1. Within segment 263-277, restricting attention to residues that are in a loop (DSSP other than H, G, I, E, B) and open to solvent by less than 50 Å² (accessible area, probe 1.4 Å), which residue is nearest to V156 (Cα to Cα)?
2. Listed residues Q209, Q229; which is assigned to a helix (DSSP H, G or I), polar (S, T, N, Q) and touching a residue at least 12 places away in the same chain (Cβ under 8 Å)?
3. Which condition from (1) open to solvent by 10 Å² or more (accessible area, probe 1.4 Å); (2) under 18 Å from the mean Cα position of the chain (by Cα); (3) more than 17 Å from L12 (Cβ to Cβ); (4) modelled with pLDDT of 95 or more is the one that L116 breaks?
4. Can R132 be described as part of a helix (DSSP H, G or I), of a type outside the set (F, W, Y) and open to solvent by less than 40 Å² (accessible area, probe 1.4 Å)?
5. Among the residues of segment 121-132, write down those that are out of contact with any Leu (no Cβ under 8 Å at 6 or more places or on another chain) and either near the ligand (Cβ under 10 Å from one of its atoms) or free of Cβ contacts under 8 Å to residues at least 12 places away in the same chain (or both).
6. Pull up segment 47-73, narrow it to residues that are more than 12 Å from the ligand (Cβ to nearest atom), over 20 Å from K23 (Cα atoms) and aliphatic (A, V, I, L, M), then point me to the one that is nearest to the chain's Cα centre (by Cα).
7. Right, I20: within 15 Å of the ligand (Cβ to nearest atom) and assigned to a strand (DSSP E or B) or not?
8. Please go through segment 88-120 and give me each residue that is within 14 Å of the ligand (Cβ to nearest atom) and in a loop (DSSP other than H, G, I, E, B), ordered by number.
Amino acid sequence: MQQNQTNPREILITGATGYIGKKLKQRLLERSDLRLRLLVRDPARISAAARQECTIIKGDTFDPVALEDALAGVDTAFYLIHSMGSGADYAAKDRTSAQNFRRACENVGVKKIVYLGGLGERDSASEHLLSRIETGEILSATEGSSTRTLWLRAGVIIGGGSASFRIIRDLTRKLPLMITPKWVNTKTQPIAVDDVLSYLEASIDLELQENIKVDIGTTATDFCGLMRQAATSMGLKRRLIPLPFFSPRLSSYWLVFITQVPFSIASALVDGLKSETIATNENAAKYFPEIQPMTMEQAFEKALQETTLD
Ligand SMILES: NC(=O)c1ccc[n+]([C@@H]2O[C@H](COP(=O)([O-])OP(=O)(O)OC[C@H]3O[C@@H](n4cnc5c(N)ncnc54)[C@H](OP(=O)(O)O)[C@@H]3O)[C@@H](O)[C@H]2O)c1
């Protein structure tokens with residue numbers, strides 16, 4: 001018992017070169033009771049300082065040998081990856097990736113998989129969201145093994161480095177009058193990136209008897225509400241005029257024009273905005289009562305401070 005308390009627990013982070021994984025790595029490096037491993041495709045993208053403090057395993061989820069090497073002796077394994085930028089067959093890649101990861105976790109006896117996916121339901125899901133749901137289902141198919149899966153589901157993440165946040169900020173900043181597609185009325189439940197990190201970190205200490213899904217977010221709003229909040233937080237007055245004939249494809253071109261995000265990201269985001277992203281369970285309060293998500297206003301103010309307006 002004593003030995004368990006003094007021996008640091010081994011934690012694996014996948015996606016440590018991505019937006020969420022990088023921030024999680026920074027946060028967990030503060031904890032002396034944890035030892036971090038990072039599974040990365042390109043170790044040169046990890047800073048020299050982090051390379052000193054973490055064990056780096058070069059590889060990806062399509063390499064079963066690297067996976068078992070990375071996972072052997074691990075207590076909690078974070079699955080913070082997706083294949084969205086990898087071409088048209090990304091959903092098939094995501095399925096294979098999740099199957100490989102779950103199998104490797106079961107083979108080496110990992111205690112817990114923590115996966116961050118998206119809020120939203122199968123019947124109204126965009127292609128991207130559907131792939132995130134399939135990933136969660138595959139990772140959660142651990143019945144009969146000792147591995148448990150904690151599937152966190154988040155909507156729009158409000159943080160300086162989040163693509164969705166930057167689009168909302170840029171649109172609001174550049175356009176005093178916005179002609180918008182119908183999707184601005186789609187319901188959504190945003191969350192501050194720091195709160196996402198708090199749930200991920202607290203997941204390490206949660207003892208699970210079964211696989212669980214935990215929906216996280218602050219008070220629900222719609223995309224109109226997000227843009228109005230962005231305007232208020234930047235001290236701007238803005239008007240939104242929704243037009244029913246404004247198609248998603250047109251909206252994607254328009255986003256590229258206004259915000260200069262690549263078309264593939266803009267169209268995936270616009271497609272996703274058609275699906276409601278609302279919490280459908282109370283598990284955040286049940287399993288993590290100590291975490292009080294910040295309000296949308298606080299989240300925007302923090303995210304705006306994190307970014308330099310260009
Ligand atoms: N960002 C959001 O707004 C948001 C909202 C809700 C949920 N989420 C969820 O949060 C998770 C992380 O998202 P993110 O925004 O941090 O993603 P991201 O910034 O696009 O990063 C993706 C990461 O996955 C890695 N990766 C991709 N395929 C891999 C593979 N086969 N093997 C190993 N690594 C691989 C990438 O490595 P390389 O650097 O080598 O490409 C990168 O580090 C995802 O599950 C996403 O669905 C994100």
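The values are calculated or read from the model by the stated rules, or taken from the named source; none is laboratory data. Please read all numbers here as calculations on a predicted model, not as lab measurements. Cβ coordinates were reconstructed from backbone atoms using ideal geometry, including for glycine residues, and neighbour counts include every protein chain displayed. Remember, those area values only see protein heavy atoms, side chains included, never the ligands or the DNA or RNA. Shrake-Rupley method; radii C 1.70, N 1.55, O 1.52, S 1.80 Å.
1. This residue is L273.
2. Result of the check over Q209, Q229: Q229.
3. (3)
4. yes
5. Matches in segment 121-132: D123, H128, L129, S131, R132.
6. This residue is L71.
7. no
8. Those that are within 14 Å of the ligand (Cβ to nearest atom) and in a loop (DSSP other than H, G, I, E, B): D89, L119, G120.
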